[in-house]
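These notes concern the structure reproduced below.
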Amino acid sequence: MNRSLRSTTACAMALGLLSSPALAGMEEAQAFLDNEIAGMSVLSREEQEAEMQFFVDAAAEFQGMDINVVSETITTHVFESQVLAPAFSAITGINVTHDLIGEGDVVEKLQTQMQSGQNVYDAYVNDSDLIGTHWRYGQARSLTEWMEGEGADVTSPTLDLDDFIGLKFTTGPDGDLYQLPDQQFANLYWFRYDWFNDEKNKADFQEQFGYELGVPVNWSAYEDIAEFFTGRDLSHMGVEGEVFGNMDYGKKDPSLGWRYTDAWMSMAGMGDVGTPNGLPVDEWGIRVNEDSQPVGACVDRGGAANSPAAVYAVDKAIEWLTKYSPPSAMGMTFSEAGPVPAQGQIAQQMFMYTTFVPPLVESDTVMNDDGTPKWRLAPSPHGVYWEEGMKVGYQDVGSWTILESTPVDRAKAAWLYAQFVTSKTVDLKKSDVGLTFIRESTINSDHFSERAPKLGGLVEFYRSPARVEWSPTGTNVPDYPKLAQLWWQNIGDAMSGAKSTQEALDKLCADMEDVMSRLERAGIQGDLGPVMNEPQDPSYWLEQPGAPKPKLENEDEEPQTISYDELVQSWQ
């Protein structure tokens, strides 16, 4: 225990102000700060101790309580579950079990609690993609009201909401905060910087395609690069075995749906201009009216989920998966496909979820001896229907959510844990492990200035103003759990060839409208729920400005690339 804390503790004990549990808690906090944080924090040691003292004091009335929280299984949450949860329990006396399950299972558990009213978990880290669900159903606690009311006595004075970079994604149209970001990662274009800068590769590409090999700005260039590298002999670079120009996944699995709802359709240009999401038509193809009420998903109701741009988006994904990816990719899920680029046979990936950067950094195959990467991250290219002002990518914001059905005392204890794992004391260390940034202070820290050259552009991206063009699912989606499952089931039919892409998307949008129509009839979302448009001839909507957009005569635009170094300079 350091001298200042020792003297403070001694005085408090002499005055009878510090109980033995509180003293034990601060002793555990000191050990945690010494051994686990070890100076890796944006706060001074004195500030860290003060923050830990808050948790010890605020937890006093919950000593011995057992609480259960849940999140999906990614590196950041593994660190929380295995390191931070035991530390929190030791410091506060609140016994927290942090379960790790699949993302789809998290949504299922959340849905079960919402439907039954029974307390399944005391808090959830679920994607901010559910913000439209939480806002409309009123079953998630408004954290704005919570922090000012029942939860005021357990809200840390050093929480510093202004330091969080993702709050706009977890705020409803009513201005209330419903979720607190815990981890955040984008999908970015990933490529082998060393392969792209090899003189023979550059010369051969120029000769074959007539323009410079570089970061693709549009899908036409991406396709050319995929063709160029697939099956290419790279033995002159010491690369053995077959290489591929694309990596993706296609198994009929819940994660296949994320691959499309996570902004793939927006990158193609299916929706409307607008950030954080297209309005009135978003990247799910759902149209809303001026009151944010969903009115349709199919073209005949003004939606775009089965529009020509949507068909183009899915067709391209299937074509590239079939032609330019490892044969095994078609049978892979999100979690199986993510680590494959680290094995060294992939030239580029249209979007790499940056949660997979940790295994890349640990791979001797794709890292240089000096710890710098052989790869880089850049903005994903966009499709032919895309236009300036549209979102260009997806950002996952896994966020703490506390449901109204959780008893107040358990909600308070869980809220303390949520604040602990997102606190400034902890966040720099947690981000160093998982690379899923949530705080401005962490991103701009000296530590990440030093580490940036070894992370292939990740830090530069998060420090750039460009990051706001990457966003999660928005509030157009009225019931994420019900609607999300429709995507993988229907697009899976297109992937397998059981249906044409148009047939699969026609079924998808019709299924979404069935769900929204049921919500409308039930009236359970009140004035915020769907109010479906009457169907009209699709030509009516295709002739209107914006989405849905009519089919272009030529969907092969002029390919365009940019040098990576020039691109990064534009972020400064």
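Highest mean first, how do 437-444, 281-288, 233-240 rank when packing is the count of other Cβ atoms within 10 Å averaged over residues?
Values: 437-444: 20.0, 281-288: 30.6, 233-240: 11.9.
Averaged packing, sorted descending, gives the order 281-288, 437-444, 233-240.
Which shape class applies to segment 302-382: rounded if a/c is under 1.5, otherwise prolate when a/b exceeds b/c and oblate if not, where a ≥ b ≥ c are the square roots of the Cα gyration tensor eigenvalues? Numbers along the way, then the final one.
Working: a/c = 2.64, a/b = 2.01, b/c = 1.31.
Prolate, because a/c is 1.5 or more and a/b exceeds b/c.
State whether segment 517-572 is rounded, prolate or oblate according to the following rule on the C-alpha gyration tensor (a ≥ b ≥ c being the square roots of its eigenvalues): a/c under 1.5 gives rounded; otherwise a/b larger than b/c gives prolate, and the remaining case gives oblate. Walk me through the numbers before you get to the answer.
Numbers: a/c = 4.84, a/b = 1.79, b/c = 2.70.
It comes out oblate by the Cα gyration axes.
Please report the projected area of segment 97-191's Cα convex hull averaged over all directions, in nm². Mind showing how you got there, number by number?
Details: hull surface 33.0 nm².
If I average the Cα hull's projected area over directions, I get 8.2 nm².
Packing-wise, with mean Cβ within 10 Å as the measure, how do 340-347, 189-196, 319-326 rank, highest first? Please report the intermediate quantities before stating the final value.
Working: 340-347: 21.1, 189-196: 23.0, 319-326: 19.0.
Result, highest mean first: 189-196, 340-347, 319-326.
Mind sorting Thr261, Thr112 by how few other Cβ atoms lie within 10 Å of their own Cβ, fewest first?
On the way: Thr261 25, Thr112 13.
By the 10 Å Cβ count, ascending: Thr112, Thr261.
For segment 352-366, take each phi angle, set θ = phi - 60°, evaluate the Karplus expression 6.51 cos²θ - 1.76 cosθ + 1.60, and give the result in whole Hz per residue in order, putting x for glycine and proline.
9, 5, 5, 5, 8, 5, x, x, 5, 5, 8, 8, 5, 5, 10
How large is ³J(HN,Hα), in whole Hz, for each residue of segment 156-165 in order, when computed from phi with the Karplus curve 6.51 cos²θ - 1.76 cosθ + 1.60 and θ = phi - 60°, using x for Gly and Pro?
Once rounded to whole Hz, the list reads 5, x, 10, 4, 6, 4, 5, 7, 7, 8.
With a ≥ b ≥ c the root eigenvalues of the C-alpha gyration tensor of segment 351-432, is it rounded (a/c under 1.5), prolate (a/b larger than b/c) or oblate? Before the final figure, lay out each step's value.
Working: a/c = 3.59, a/b = 1.46, b/c = 2.46.
Oblate.
Apply the Karplus parameterisation 6.51 cos²θ - 1.76 cosθ + 1.60, with θ equal to phi minus 60°, to every residue of segment 510-526 and state each ³J(HN,Hα) to the nearest whole Hz, in sequence, with x for glycine and proline.
5, 5, 4, 5, 4, 5, 5, 5, 5, 4, 4, 5, 6, x, 6, 9, x
Nearest-5 percent of antiparallel DSSP beta bridges in the chain? Before the final figure, lay out each step's value.
Numbers: 27 of 40 bridges.
Of the beta bridges lying entirely in the chain, close to 70 percent run antiparallel.
Rounded to the nearest 500, what is the 222 nm mean residue ellipticity of the chain from helices alone, with -39500 (n - 2.57) per DSSP H run of 4+ residues and division by all residues? Walk me through the intermediate numbers first.
On the way: 25 runs with 237 residues, N = 572.
Here the helix-only value at 222 nm equals -12000 deg cm²/dmol.
Students often forget the sequence filter, so: which lysines lie under 20 Å Cα-Cα from Lys374 once same-chain residues fewer than 8 apart are removed?
Lys200, Lys202, Lys454
Could you work out how far helix 219-229 tilts from the main Cα principal axis of the chain, as a 0 to 90 degree angle to the nearest 10?
90 degrees
Within the set Lys507/Lys551; Lys252/Lys551; Lys168/Lys507; Lys168/Lys316; Lys391/Lys499, which residue pairs have Cα atoms separated by over 22 Å? Walk me through the numbers before you get to the answer.
Values: Lys507/Lys551 19 Å; Lys252/Lys551 28 Å; Lys168/Lys507 32 Å; Lys168/Lys316 32 Å; Lys391/Lys499 29 Å.
Exceeds cut-off: Lys252/Lys551; Lys168/Lys507; Lys168/Lys316; Lys391/Lys499.
Evaluate the relative contact order of the chain (contact order divided by residue number), counting alpha-carbon pairs under 8 angstrom at least 6 apart; express in whole percent.
Numbers: 1120 pairs, mean separation 138.3, N = 572.
Reported relative contact order: 24 percent.
Rank by packing, highest mean first: peptides 115-127, 551-563, with packing defined as the count of other Cβ atoms within 10 Å averaged across residues.
On the way: 115-127: 19.5, 551-563: 13.5.
The packing order, highest mean first, is 115-127, 551-563.
Just need the Rg to Rh number for the chain, please, alpha carbons only, Kirkwood Rh. Walk me through the numbers on the way to the answer.
On the way: Rg = 24.7 Å, Rh = 24.9 Å.
Looking at the chain, the ratio lands at 0.99.
For a quick size check, give me the Cα extents of segment 202-270 along its three principal axes, largest first, whole Å.
40, 28, 13
Where a number appears in this text, it was derived from the coordinates with a stated rule and is not lab data. If you're wondering where the values come from, they're calculated on a predicted model, not measured in any experiment. Reconstructed Cβ throughout: ideal geometry from the backbone, glycine too, with neighbour counts over all protein chains shown.
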